[in-house]
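Student: First, the structure itself, so that you have it in front of you.
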Amino acid sequence: MQHDGASGTVLGNGGLAAEAYRFPQRYYDLHPDRGLNFQLNRMYGWVGEDRMLAEIREAAPAIRNYADWTETFTRLADAALAARRTPAAAYYVRLAEFFMFPGDPRKRSARDRFVSLVREAHGMTESDRILVPFAGAALPAYRFAAPRAKGTLVVFGGYDSYIEEWFPMLLALRDAGYDVIAFEGPGQGGALEEFGLHLTPHWNEPVGAVLDHFAERDVTLIGLSLGGCLVIRAAAFEPRVRRAIAFDAMTDFGECVLHTAASGARAAALGILGYAPRVLDAVVGRVARHDLMVEWGVRQGMHVMGAASPHAYFDALSAYTTRRVSDRVTQDVLLLCGAEDHYVPLRQLGDQMRMLTNAASVSSRTFTRADQAQNHCQIGNLGLALRVIAGWLDTLPARAGGTGG
């Protein structure tokens, strides 16, 4: 699976047996809005409970706006908790909280409730969280140790995830034989909401702090969603990262934002990015009054980036690209991709492969509708993606330290 700078090798379904990962293996049509449907599949996928799927199917048709969304999943969370269905309750709370605007007085308590419930569902407490010193504040982290570990995986999420959301995946990777360190960097989860750290393109800095804290010298770095861009940016400058996995491949986050918003009034608003800041802010404001997705997306982006205005947010997006750093990556790289990812244009996979001109090797896997993993971060069949990752790690040559930690 070597890479000559122009092409890569496509990975098959290798790795561990399917029974090692008990995730759903189907992507469901639960809501006509593609973005909302994705979030429903995403949160259901962590639980995989038949009753939860039936409840979502029954409730989803009545959801017309974000207020309906929040009310519906708050009600379902309360009912699930009363029935002692803690995993379902946790992810219903996460759904209810997801589209709350920054500054909504309910948001922090909903986040805290989700974190508490998901820890309870996995037999964990606040004491299991580790705070890594960083920039005068802290990065929240967890460590899941495997007996006789094959190596160490360092995992982080993307633009809107809390690392606690990924517990089922992190525990599956531990059970597959890896020590797993998961953390939230600036702009993510507790690093943002508790410690006020805004997103940074210099991702080698939080990665370096985590590696220092845990005294790790040889790791596989896995970035999910926007993390697929950040993982390349970190690997380019951090030699203790020996292997990098972009889950999914992303070369240009700004393009992804425009790609997601490219319809109707949203495209009209975003098409004036070259205009004067006051004009851009005014047009985005007008569109946002009639388009909740624009309003939520821009306000959430300003919150994550620490941007004071819409134009400052859009300006900040230009830093989140791998274009100027991919050729500095010398590690083994695995790129995952969903053929129908509605956030990331498919061509970014090919762009990334062409730019990794000095990587030790580049392997890729594009997941399709036949896999039920064609969507962003392989939601629908996450277990298949984990098997591909495990299979790739098992095949790496000894030159990169094997998969040893």
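Student: Pairs only if they're at least six apart or on different chains, beta carbon under 6 angstrom, first in the range 177-204 and touching a residue at least 24 places away in the same chain (Cβ under 8 Å), second acidic (Asp, Glu); list them, first residue then second.
Tutor: Here the result reads GLY190/GLU184; ALA191/GLU184; ASN204/GLU238, each pair linking the range 177-204 to a residue that is acidic (Asp, Glu).
Student: Shifting gears a bit: What's the total number of residues in the range 138-170 that are more than 16 Å from the chain's Cα centre (by Cα) and either part of a loop (DSSP other than H, G, I, E, B) or modelled with pLDDT under 95 (or both)?
Tutor: Total satisfying the criteria: 7.
Student: Residues that are farther than 27 Å from PHE98 by Cβ and aromatic (Phe, Trp, Tyr): does the range 197-219 have at least one?
Tutor: Checked against the condition, which is being farther than 27 Å from PHE98 by Cβ and aromatic (Phe, Trp, Tyr), the range 197-219 yields at least one hit.
Student: I'm told THR330 meets every condition in (1) of a type in the set (Ser, Thr, Tyr); (2) under 30 Å from LEU386 (Cβ atoms); (3) in a helix (DSSP H, G or I) except one. Can you identify the failing condition by its number?
Tutor: Just one mismatch for THR330, condition (3).
Student: For residues that are in a loop (DSSP other than H, G, I, E, B) and within 16 Å of ARG94 (Cα to Cα), tally how many sit in the range 31-45. Give the derivation first.
Tutor: Step one: list which residues in the range 31-45 are in a loop (DSSP other than H, G, I, E, B), which gives 31-33.
Cutting the leftovers down to within 16 Å of ARG94 (Cα to Cα) gives us none.
Here the count works out to 0.
Student: Would you mention how many residues in the range 61-74 are surrounded by fewer than 19 Cβ atoms within 10 Å (Cβ to Cβ) and without any contact (Cβ under 8 Å) to a residue 40 or more places away in the chain?
Tutor: Counting residues in the range 61-74 that are surrounded by fewer than 19 Cβ atoms within 10 Å (Cβ to Cβ) and without any contact (Cβ under 8 Å) to a residue 40 or more places away in the chain gives 7.
Student: Give the residues of the range 183-230 that are more than 30 Å from PHE38 (Cβ to Cβ) and of a type in the set (Gly, Ala, Ser), sorted by residue number.
Tutor: GLY208, ALA209, ALA215
Student: Further question: Taking GLY228 as the residue in question, decide whether it is in the same structural domain as VAL325 (by TED's automatic domain parsing) and either surrounded by fewer than 24 Cβ atoms within 10 Å (Cβ to Cβ) or outside any helix (DSSP H, G or I) (or both).
Tutor: No.
Student: Regarding the range 19-31, can at least one residue be identified that is modelled with pLDDT under 95, touching a His at 6+ places or on another chain (Cβ under 7 Å) and surrounded by fewer than 20 Cβ atoms within 10 Å (Cβ to Cβ)?
Tutor: No, that holds for no residue.
Student: Among the residues of the range 74-110, which ones are of a type in the set (A, V, I, L, M, F, W, C), in contact with a Ser or Thr (Cβ under 9 Å, 6 or more places away or on another chain) and closer than 16 Å to TRP296 by Cα?
Tutor: Within the range 74-110, LEU95, ALA96, PHE98, PHE99, MET100 qualify.
The values are calculated or read from the model by the stated rules, or taken from the named source; none is laboratory data. All values reported here derive from a predicted model rather than from experimental measurement. Because the Cβ atoms are built from the backbone with ideal geometry, glycine has one as well, and the counts that use them run over all protein chains shown.
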